[in-house]
Amino acid sequence: MVRKSFLKPTLATILIFLALYAFFNTFLSPIHPNSSKLESNLLFDSTKSFSLLNTDSSSDPRSSNSPPPVKVYLYDLPRKFTYGVIESYLKARDPLKSIPVEDVSSLKYPGNQHSAEWWLFSDLINEDRYGSPVVRVLDPEEADFFYVPFFSSLSLVVNPIRPAGVSGNAGGVYSDEEMQESLIEWLEGQIYWKRNNGWDHVFICQDPNALYKVIDRVKNGILLVSDFGRLRGDQASLVKDVILPYSHRINPFKGEIGVEGRNSLLFFMGNRYRKEGGKVRDLLFQVLENQEDVIIKHGTQSRESRRMATQGMHSSKFCLHPAGDTPSACRLFDAIVSLCIPVIVSDQIELPFEDVVDYRKIAIFVDSDTAVKPGYLTKMLRKISNEKILEYQQELKEVKRYFEYDDPNGTVNEIWRQVSMKLPLVKLMINRDKRLQHSLVTCYKAEYIQSIPLEHMILSICILAAEDLDANKHQMKPCITLPLLHQPECAPCYSTHCCNIAEDNCGFLGGFFTVQ
């Protein structure tokens with residue numbers, strides 16, 4: 001009996017051990033890829049999966065989704081368009097100066113306000129461009145964009161005074177107009193300009209009058225501008241182009257945020273009398289010049305004026321930014337780097353980098369009609385608490401790097417980032433352009449029928465370009481084009497006069513025209 005009772009628990013122990021072995025062997029042992037029937041039923045490839053514990057970045061699927069860097073090709077323009085402009089500027093002020101200069105590294109860009117063209121050019125020729133949103137390529141076949149480094153803003157002011165009776169380049173006088181024409185002539189000889197009709201080219205024209213003579217011939221490209229004050233809607237837009245900040249002229253404020261030492265309520269120093277939209281300045285002078293704690297002075301650009309402006313902005317809580325001849329001016333960016341809260345009175349202003357800078361947090365906007373009401377501005381500003389002023393200053397301090405061209409992670413990098421964001425649109429326009437080149441439309445003429453590319457109807461005010469029709473030889477019936485429907489249709493002309501297409505005087509977008 002004793003022997004039977006001993007065998008029973010022993011047998012039970014053995015059976016339990018065998019059961020546990022079978023369980024562990026079946027469900028908890030590693031699965032070999034070729035030995036498990038279970039794996040053959042899985043819907044994914046185990047070799048392509050990734051573990052949450054895996055720290056190898058090469059296995060992180062996000063790394064493969066990062067867009068490739070945008071590639072920029074820097075045109076090797078003839079010297080006269082870059083360093084030559086600086087040399088001409090210096091020669092105009094010192095006739096004894098010897099040019100060309102052998103060592104270009106000794107050349108310094110004169111002026112400050114429109115120096116973005118120098119900063120971008122210098123950045124692209126710099127070998128150490130770590131952290132830039134774009135890469136420079138030496139093979140144009142690899143390029144997404146082609147940068148045209150003509151110093152167009154400096155070219156405007158090479159000759160401060162042109163001798164009476166001298167026009168063009170007579171007498172060796174530098175001619176910006178001839179430089180613009182020469183640039184276009186050079187570009188039109190480049191295969192990459194003709195390949196995509198200029199859509200993938202980038203031009204800087206920061207001065208409101210830069211490239212004014214040829215702007216219609218480069219408007220397909222990305223324009224780097226300070227505002228749209230003197231550009232038509234068919235020449236520039238926020239969709240296609242990039243708004244640049246002016247380079248600040250005064251030294252940035254190096255101290256901490258605070259109202260101590262900022263004893264003036266409001267500061268402004270600049271030209272009182274301006275044209276067009278800048279007429280608001282004189283009205284602001286009239287309502288502010290006798291106000292307590294307000295410093296508002298008429299002054300022109302000079303070293304002494306910059307010194308006084310620096311002192312004024314660094315010691316004021318608010319800085320006035322009224323419109324000038326155009327909606328924007330460098331004074332706004334002087335205020336930002338001074339941590340002086342901008343008070344913007346400019347109804348048509350466009351501001352740089354608005355996708356990353358919320359200007360409502362760093363500036364106060366007042367429409368022109370309200371701002372010139374006696375007592376309005378000062379009363380409004382006095383109501384702003386010190387706590388709110390500190391909030392504005394803190395925001396200014398955080399974003400001011402976007403307005404400092406000499407900051408390695410500042411304005412230059414942000415401009416290139418903005419340019420790179422235009423790439424999908426540029427590709428769209430290039431592909432659309434090429435598709436439309438194969439679509440022909442017909443307008444009826446009294447003597448014959450002539451086909452023209454549809455692109456001329458879509459992209460030009462006049463339906464026909466000069467090269468498609470010799471306006472001096474042929475007569476055309478009044479004709480209307482319907483771009484959205486992609487078809488032309490003859491119809492009576494609702495205008496009582498006719499226009500000459502060769503002169504591009506048609507004033508009706510997709511409208512009626514006839515040729516004399």
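The values are calculated or read from the model by the stated rules, or taken from the named source; none is laboratory data. Keep in mind the model is a prediction, meaning the values are calculated, not measured. Cβ coordinates were reconstructed from backbone atoms using ideal geometry, including for glycine residues, and neighbour counts include every protein chain displayed. Accessible surface areas use protein heavy atoms only, side chains included; no ligands, DNA or RNA. Shrake-Rupley method; radii C 1.70, N 1.55, O 1.52, S 1.80 Å.
For region 345-365, name all the residues that are closer than 23 Å to Lys379 by Cα, not acidic (Asp, Glu) and not in a helix (DSSP H, G or I). Give the derivation first.
Step one: of region 345-365, the residues closer than 23 Å to Lys379 by Cα are 345-347, 359-365.
From what's left, not acidic (Asp, Glu): 345-346, 359-365.
Those that are closer than 23 Å to Lys379 by Cα, not acidic (Asp, Glu) and not in a helix (DSSP H, G or I): Val345, Ser346, Ile362, Ala363, Ile364, Phe365.
The set of residues in region 345-362 being open to solvent by less than 50 Å² (accessible area, probe 1.4 Å) and more than 21 Å from the chain's Cα centre (by Cα) consists of Val345 alone. Contact annotation: residue pairs with Cβ atoms under 6 Å, 6 or more positions apart or on different chains, pairing a residue in region 349-363 that is outside the structural domain of Gln206 (by the TED database) and touching a residue at least 24 places away in the same chain (Cβ under 8 Å) with a partner that is assigned to a loop (DSSP other than H, G, I, E, B) and open to solvent by less than 30 Å² (accessible area, probe 1.4 Å), are Ile349/Pro327; Ile349/Ser328; Glu350/Asp227; Pro352/Leu244; Pro352/Pro245.
A residue that is open to solvent by 30 Å² or more (accessible area, probe 1.4 Å), modelled with pLDDT of 95 or more and assigned to a loop (DSSP other than H, G, I, E, B) occurs nowhere in region 154-170. Screening region 366-375 for residues that are free of Cβ contacts under 8 Å to residues at least 60 places away in the same chain and in contact with a helix residue (DSSP H, G or I) (Cβ under 8 Å, 6 or more places away or on another chain) and picking the one that is most open to solvent (accessible area, probe 1.4 Å) gives Thr370.
Among the numbered conditions (1) more than 15 Å from the chain's Cα centre (by Cα); (2) outside the structural domain of Val280 (by the TED database), the only one that Gly410 does not meet is (1).
Pick out the one residue from Asp45, Asp56, Asp60 that is open to solvent by less than 60 Å² (accessible area, probe 1.4 Å), modelled with pLDDT under 90 and not basic (Lys, Arg). Quick ask: steps written out before the conclusion?
Working: Asp45 fails: open to solvent by less than 60 Å² (accessible area, probe 1.4 Å); Asp56 fails: open to solvent by less than 60 Å² (accessible area, probe 1.4 Å).
Going through Asp45, Asp56, Asp60 in turn, just one is open to solvent by less than 60 Å² (accessible area, probe 1.4 Å), modelled with pLDDT under 90 and not basic (Lys, Arg): Asp60.
Listed here are the residues, each with its yes/no results for (1) open to solvent by 30 Å² or more (accessible area, probe 1.4 Å); (2) modelled with pLDDT under 95; (3) within 24 Å of Tyr89 (Cα to Cα); (4) part of a helix (DSSP H, G or I).
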{"site": "Trp119", "(1), (2), (3), (4)": "yes, no, yes, yes"}
{"site": "Glu127", "(1), (2), (3), (4)": "yes, yes, no, no"}
{"site": "Ser132", "(1), (2), (3), (4)": "no, yes, no, no"}
{"site": "Tyr147", "(1), (2), (3), (4)": "no, no, yes, no"}
{"site": "Asn209", "(1), (2), (3), (4)": "yes, yes, yes, no"}
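Exactly one residue out of Thr300, Thr310 is open to solvent by less than 90 Å² (accessible area, probe 1.4 Å) and either touching a Ser or Thr at 6+ places or on another chain (Cβ under 6 Å) or not in a helix (DSSP H, G or I) (or both), and it is Thr300. What is the number of the single condition among (1) farther than 16 Å from Gln394 by Cα; (2) touching a Ser or Thr at 6+ places or on another chain (Cβ under 6 Å) that Cys340 does not meet? Every listed condition holds for Cys340 apart from (1). No other residue among Pro342, Pro374 is part of a loop (DSSP other than H, G, I, E, B) and either within 21 Å of the chain's Cα centre (by Cα) or assigned by the TED database to the domain that holds Asp282 (or both) apart from Pro374. Against the conditions (1) modelled with pLDDT of 95 or more; (2) of a type outside the set (Asp, Glu); (3) under 30 Å from Trp193 (Cβ atoms); (4) part of a loop (DSSP other than H, G, I, E, B), His438 satisfies every one except (1). Pairs linking a residue in region 220-237 that is touching a residue at least 24 places away in the same chain (Cβ under 8 Å) and part of a loop (DSSP other than H, G, I, E, B) to a residue that is among the aromatic types (Phe, Trp, Tyr) and surrounded by fewer than 20 Cβ atoms within 10 Å (Cβ to Cβ), with Cβ atoms under 9 Å and 6 or more positions apart or on different chains, are Arg230/Tyr212.
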